[in-house]
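**Q** Sharing a structure below in structure tokens format, with a few things to ask.
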Amino acid sequence: MIFITFKYRYRKQIIIGILLFLIISIIIFFLVNYSLNRKANNSNDDKEIVEEVTKKENKKSKIEEYKVDIKGEVINPGIYTLKIDSRVIDVINMAGGLSDKADTSVINLSKKISDEMVIIIYSKQEVRNFEETKEKEKIIQNKCIKANDNALKNDACISSDNSTVETNNKVSINTGTQDELMTLPGIGESKAKDIIKYRETNGKFNSIEDIKKVSGIGDSLFAKIKENITT
């Protein structure tokens, strides 16, 4: 009888206590699950990061070396495997060095190698042939250009429009490089860049006087360079 009275008296408190217990249990359950899921996600993220780093390292290790084919005047021509930061001279040394006939005057020995690169070391005779051929081309081209002033006009010959420097050593303001333009009196790096920028924006110069359209080139400077330039 006393128990029933007690139960009846504290029924509301008991129900509230049970509800609080259930709520707290549910919250703890969700917190524990959230914590476990978060750890699992972090573990997966860490795993993905490790896998990505491993892939990058494996990819890097695959390209740490290049294969290069060297031919011509070296002791042992062939295909060689070198580190990616190697240079042409390293390939030559690996191939046993140069032969007695080798001429490297047209080769950049300090150039960095690339994968599947082909290096040809020419002989002294081959280089002489190159120089002779180049000189012959200049002579023939010059004859062709000069013929345009005579009865035997040839409109198909290479003119100053696509020839940077003629044999009279005049610099073409239409095709001259920055270094070539800087050989002109009073033309420094800045003005050479301005000339190149102007012709890239506005098209070719029709006459040498058109160079005065470039900012900073007036009559006085034109007078200094007009004997040394051509279109």
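**Q** Which trypsin sites (Lys or Arg not before Pro) in segment 165-218 sit in a loop by DSSP (not H, G, I, E or B) and have at most 13 other Cβ atoms within 10 Å of their own Cβ?
**A** When the trypsin sites (Lys or Arg not before Pro) of segment 165-218 are filtered for loop state and at most 13 Cβ neighbours within 10 Å, LYS204 remain.
**Q** Quick check: residue separation of ILE120 and ASN202 times 0.36 nm, minus the Cα distance between them. What number comes out in nm?
**A** This chain segment gains 25.4 nm when fully extended.
**Q** Amide H neighbours of LYS71 under 5 Å, at least 5 residues apart or on other chains, H built in the peptide plane: list them.
**A** Residues meeting the amide H criterion: ILE119, ILE120, ILE121.
**Q** Once fully extended, how much extra length lies between LYS111 and ASN228, figured as 0.36 nm per residue of separation less the alpha-carbon to alpha-carbon distance?
**A** Additional length available on full extension: 38.7 nm.
**Q** May I pose another question? Determine the alpha carbon to alpha carbon distance for each of LYS71/LYS124; LYS111/LYS191; LYS71/LYS112 and list only those over 19 Å.
**A** LYS111/LYS191
**Q** Starting at the first residue of segment 220-227, write each ³J(HN,Hα) from the Karplus equation 6.51 cos²θ - 1.76 cosθ + 1.60 with θ = phi - 60°, in whole Hz, x for Gly and Pro.
**A** 5, 5, 4, 4, 6, 10, 4, 7
**Q** Give the long-range amide H neighbours of THR230: residues separated by 5 or more places, or on another chain, with amide H under 5 Å away, using H modelled in the peptide plane at 1.01 Å from N.
**A** Those qualifying (amide H under 5 Å, at least 5 residues apart or on another chain) are VAL171, SER172, ILE173.
**Q** Got a sec to turn the phi values of segment 104-118 into Karplus ³J(HN,Hα) couplings, 6.51 cos²θ - 1.76 cosθ + 1.60 with θ = phi - 60°, whole Hz, x for Gly and Pro?
**A** For segment 104-118, the Karplus-derived couplings read 9, 5, 9, 10, 8, 5, 8, 5, 6, 7, 9, 5, 6, 5, 10 Hz, x marking Gly and Pro.
**Q** For segment 21-31, just list the computed ³J(HN,Hα) in residue order, Karplus coefficients 6.51, -1.76 and 1.60, θ = phi - 60°, integers in Hz, with x standing in for Gly and Pro.
**A** With the stated coefficients, segment 21-31 comes to 4, 5, 4, 4, 4, 5, 4, 4, 4, 5, 5 Hz.
FYI, it's all coordinate maths here, none of it is from the lab. Since we're looking at a predicted model, the values are computed, not measured. For neighbour counting, all protein chains shown are included, and Cβ atoms are generated from backbone atoms with ideal geometry for every residue, glycine included.
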